[in-house]
Structures are given as C-alpha cells and as structure tokens.
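Values quoted throughout were computed directly from the atomic coordinates according to the rules given, and no laboratory measurement underlies them. Because the structure is predicted, anything quoted here is derived from the model rather than measured. Every residue, glycine as well, gets a Cβ built from its backbone with ideal geometry; the counts of neighbours run over all protein chains shown.
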Amino acid sequence: MDDNKVSRFLSLVLRHEPEKIGITLDNAGWANIDELLRSASEVGYSLDRPRLLKIIEKNDKQRFTLSSDGHCIRAAQGHSLAIDLGIPTSIPPKNCGMAQQRRISNLL
C-alpha cells in the first residue's frame, strides 16, 4: 500500500472516525502512536513507526503533528470531531472580504 493511501487513511481516522479502528482521541485530538499502529495493522494497514514518521515528514500539507515526547500524533486541522487544538478563536472584522468584493465588482 502506497504512502499516499496510508496518509489518507490516517487523516480519516485522526480527523473524523477514530472508532473505525477502535482508538480514542483525547480532548486535544491526540492518539497514542503505539495504539494507532497496532489498530491500523488489525484492519489491514501495515504501518510501523519509521514509515509513519516518514509519512508525517514528507506530507506537503503538514496534516499531522507529533507530540513533543514523540508518543502521540494528531491531525493538525480539518476535524469533524469536537477537538481543542489550543488555537485561540477570533471574530473576523465586519468588513472582512469587502476588498475582494470590490475587486470583483471592478472587473464586471
């Protein structure tokens, strides 16, 4: 199985359906790597730590984040689950997008 397919599988599991392979994510979206590797193997995805690290490193969209201790992984964005990534929320300014609208109307 090629790395791209494995990367898409990891995105599905870490962003949307961890239960698909029987793992759980904590409130911040972290999954234990050993549990992830074991569970992925049980559903037919042959994956070891060196290959996982290679997939994370070579992913041009930086979809995955490793914990500082290297024991956990999470998707960096795009969750459909309630996950707290620790990123402060902000309200966009009221005129956000107005410049783009003006540029488009000037083209018409």
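Here are some notes:
- Taken together, 38, 63, 51 contain a single residue that is free of Cβ contacts under 8 Å to residues at least 12 places away in the same chain and surrounded by 11 or more Cβ atoms within 10 Å (Cβ to Cβ), which is 38.
- The residues in the range 25-60 that are over 19 Å from residue 15 (Cβ atoms) and small (Gly, Ala, Ser) can be counted, and the count is 3.
- Selection of the range 1-59 for residues being among the hydroxyl-bearing types (Ser, Thr, Tyr), part of a helix (DSSP H, G or I) and under 17 Å from residue 71 (Cα atoms) yields only 39.
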